[in-house]
Every structure is written in C-alpha cells, then in structure tokens.
1. Scan the range 226-255 for residues that are touching a helix residue (DSSP H, G or I) at 6+ places or on another chain (Cβ under 6 Å) and of a type in the set (Val, Ile, Thr) and report the count.
2. Looking at (1) in a strand (DSSP E or B); (2) without any contact (Cβ under 8 Å) to a residue 12 or more places away in the chain, find the lone condition where Gln134 falls short.
3. Residues of the range 336-353 being surrounded by fewer than 24 Cβ atoms within 10 Å (Cβ to Cβ) and in a loop (DSSP other than H, G, I, E, B), which ones?
4. When you check Thr167 against the structure, is it in contact (Cβ under 8 Å) with a residue 60 or more places away in the chain, outside the structural domain of Thr108 (by TED's automatic domain parsing), in contact with a Pro (Cβ under 6 Å, 6 or more places away or on another chain) and crowded, with 19+ Cβ neighbours inside 10 Å, yes or no?
5. Just a yes or no: is a residue in the range 217-233 among the β-branched types (Val, Ile, Thr), modelled with pLDDT of 95 or more and surrounded by fewer than 22 Cβ atoms within 10 Å (Cβ to Cβ)?
6. Read through the list (1) over 16 Å from Val335 (Cα atoms); (2) not in a loop (DSSP other than H, G, I, E, B), then give the number of the only condition that Lys89 fails.
7. Touching a Gly at 6+ places or on another chain (Cβ under 7 Å), hydrophobic (A, V, I, L, M, F, W, C) and part of a helix (DSSP H, G or I) - does that describe any residue in the range 238-258?
8. If only one of Tyr333, Tyr319 is hydroxyl-bearing (Ser, Thr, Tyr) and either surrounded by fewer than 23 Cβ atoms within 10 Å (Cβ to Cβ) or more than 21 Å from Thr62 (Cα to Cα) (or both), which one is it?
Amino acid sequence: MTTVHTGVQAAACADSRRTFLKNTAAALATVAYPAINFAQTTAPAERRFAPLPGNWRTFEVTTRVDIAKPQGSTRVWLPVPSVNSDWQKSLESSYASNGKARLEDDDTYGARMLYVEFAEGEAQPYVELTSRIQTQNRAQDWTRQMATSESAADLKYWTQPTSLLPTDGIVRKTAQEATRGASTDAEKARKLYDWIVDNTFRDPKVRGCGEGDIKTMLETGNLGGKCADLNALFVGLCRSVGIPARDVYGLRVAPSAFGYRELGGNSASLKGAQHCRAEVFLKGYGWVGMDPADVAKVMRQETPEWIKSPQSALVAPVYKNLFGGWEGNWMAYNVAHDVALPHSAGPRLGFFMYPAAETAAGRLDSYAPDAFKYQISAREITA
C-alpha cells in the first residue's frame, strides 16, 4: 500500500474557463429582493430559512471506493473539490490506494479529479480520498451594486450550449415566453426561477440526481426530475436568452442549521447526498447563487403531503432565499459539463459529481453506491 499526500491549489489555473471566478455576494443583516412581494404570516407553522455569510466552517470529506469484482484493467475517477470563491475554499487533498494514483484535470473546465489505475491481478482494488474544504453561507445583497471584472469573452462562454443544454429550439422558445415583459437580466432570471418552481416538480423516483436532458424534458412535457434536471433546465433557459449561467456540482456535507431535513446530509453517510446548484451572472451583482430545484424538493419531500404552493409557511422562506443564496452545509466540486474522463474508453459524462469506475466489463453504475461499493462521509473540524 502506498500513501500519497498532495496539496490542491484549485485557484492556480490561469484560464478563466478553468477557474471559478469570485462572485460579489455580500453579507448583510437583511436581504431585500427587487419586485418580489412575499406574503407575511404569523402562523405557528412558519419556518425560518435565512442563510447569511459570516462564519466559515471547515470539513474533511472522505470518499472510499472498493471494487468488488475487478475484471482486467480497472480504473477509478473521483471528483476533487476545485472551487475557490467568496463562499468556498478548496484546500488540500490526500489519498491512499493499492493502485497507481495521480491528480488530473479535465481538458475544458479544469475540474480536478483523482485518477487511479489498478494492475490486472489486483484482487481487491481500493482508493480513499480525503479533501479539506471551507464553506460559508451565501446571500446576495440586492440593495448594492458594484463593478464586476468578468470579461465579455468569459461571459459569452457561459451562454454556450452543451450536449445536454441546447440553447435553441424549444429551449429558447420556452425561455422567451417565460420572460415576456422582462427587460433586465435580473428580471429575466427572476421570471425563469419562478417558472421552474411553478412548472416543474421533484420526482423522487428519478435515479441519482437525474440526467439533465433538458430538451427531452420540454419536448415530452415530463417536467419532473431532480437537481441535475431542474437546475440544468434553469441554466439552459437562462443561457438561451443570453444570461450567463452555470451548474455547480457538489455534495451536502452536514444537516441544515434551519431544521430542513431535505436540505441537509447525514455527515456519517453521505450516500445520495450529491447535489447541484446554479449560478447566474447579473450586471452589478456578479455571479449570484440560485437553487430552484431545492424549492421543489422541499415542496415534494419535506412533509408526507406534497405542498403545491411556494407561498406556504414551510416553503416560503426557502423560495425567497434560494433566489440569491444558499446554505453553507454543501461543498462544490466543479462547474464542468461534457466531461471526458482521462484514459477512459467510455463516453463523456454530462457532469461529474459522482465517483466513476471502469473494468474490462465496462463502466460501473455511479448511481448504485452499494453495488459499486463506495462510501462518502464528512467530518467538521471545529478546533
């Protein structure tokens, strides 16, 4: 067994496509939202959800993979946190394995990953990766605007289509209809966020986080899905009307401080805790966090009864504050689409937030951690 320790410096990539640029989110005691009037209620059932930045939290996240049935040449790829921003610091990573392991990046977005190759005779291939990150809550201050440094070329890049996010045809038509009457990008983003909440729904039967095939969703009229479907649809709609937008793929690492069961993870066992969020770039504000998919999740799964209105006492604070922010009990891996795994003979991945592996029999099912034999856990460091 060999153990290797490597410092990960995720902010070192010079190409802005391969970095995660700093956003302009600012902490205030209150957050105001333009042109939105949320009903107030004093009902006892009203809940609080108001993440505000200020306190950084440190986590160690460990992923362990064991290949139960190796066949021929066996390879494993693990996502490594590679985001540095006002709300996350990706620090060092270390790993241990009985295979040959090294850190690599994808060739387009700079998504960091640990690649491990095992000898054909290895009977029990394994790898364990531990990454240390810091996170904090995120909340947009809509009362303040500031200059942003993103170049026109960079912003244009985040309006381009991907294999799963076309920006023409039914996608553009849907976005144009949804944003009718809006003049600014902020107004358009608001309308598209509301369109997702009003017209899509969380489907618990969808495997993993979904596939993110937004054209098929719109063409079939089946608008149920999970975060990689609903937030991908939000991002695709934004891009189709010229708003720079991107998915941010990651993992919930701790329970929600606000008591929402569906908005947190069990740190001891993070199986199924993968979650993607979204960001849009708005003039005067920079990159702004959004998560309409989590609104849909609370509506569908927080209680046994399917809540149909985002104005309900339980949902309203989530609906309000996930337009412009999110809770820091989650870490980001990357913002990558159409990921070509280095040294893989298989197809590109639509996104990369799950462990991936291949044997001579083909690619293993990343959505089946029990059969695949991988475990993820997190430990908060308070000292």
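The values are calculated or read from the model by the stated rules, or taken from the named source; none is laboratory data. On a predicted model such as this, the values are computed, not experimentally measured, just so you know. Ideal geometry is used to build each Cβ from the backbone, glycine not excepted, and the neighbour counts take in all protein chains shown.
1. 2
2. (2)
3. Answer for the range 336-353, where residues must be surrounded by fewer than 24 Cβ atoms within 10 Å (Cβ to Cβ) and in a loop (DSSP other than H, G, I, E, B): Asp338, Ala340, Leu341, Pro342, His343, Ser344, Ala345, Gly346, Pro347, Arg348, Gly350.
4. On the way: in contact (Cβ under 8 Å) with a residue 60 or more places away in the chain: yes; outside the structural domain of Thr108 (by TED's automatic domain parsing): yes; in contact with a Pro (Cβ under 6 Å, 6 or more places away or on another chain): yes; crowded, with 19+ Cβ neighbours inside 10 Å: yes.
Taking the combined requirement at face value, the residue satisfies it.
5. Yes - at least one qualifying residue is present in the range 217-233.
6. Unmet condition: (1).
7. No, the range 238-258 has no match at all.
8. Numbers: Tyr333 fails: either surrounded by fewer than 23 Cβ atoms within 10 Å (Cβ to Cβ) or more than 21 Å from Thr62 (Cα to Cα) (or both).
Exactly one of Tyr333, Tyr319 is hydroxyl-bearing (Ser, Thr, Tyr) and either surrounded by fewer than 23 Cβ atoms within 10 Å (Cβ to Cβ) or more than 21 Å from Thr62 (Cα to Cα) (or both), namely Tyr319.
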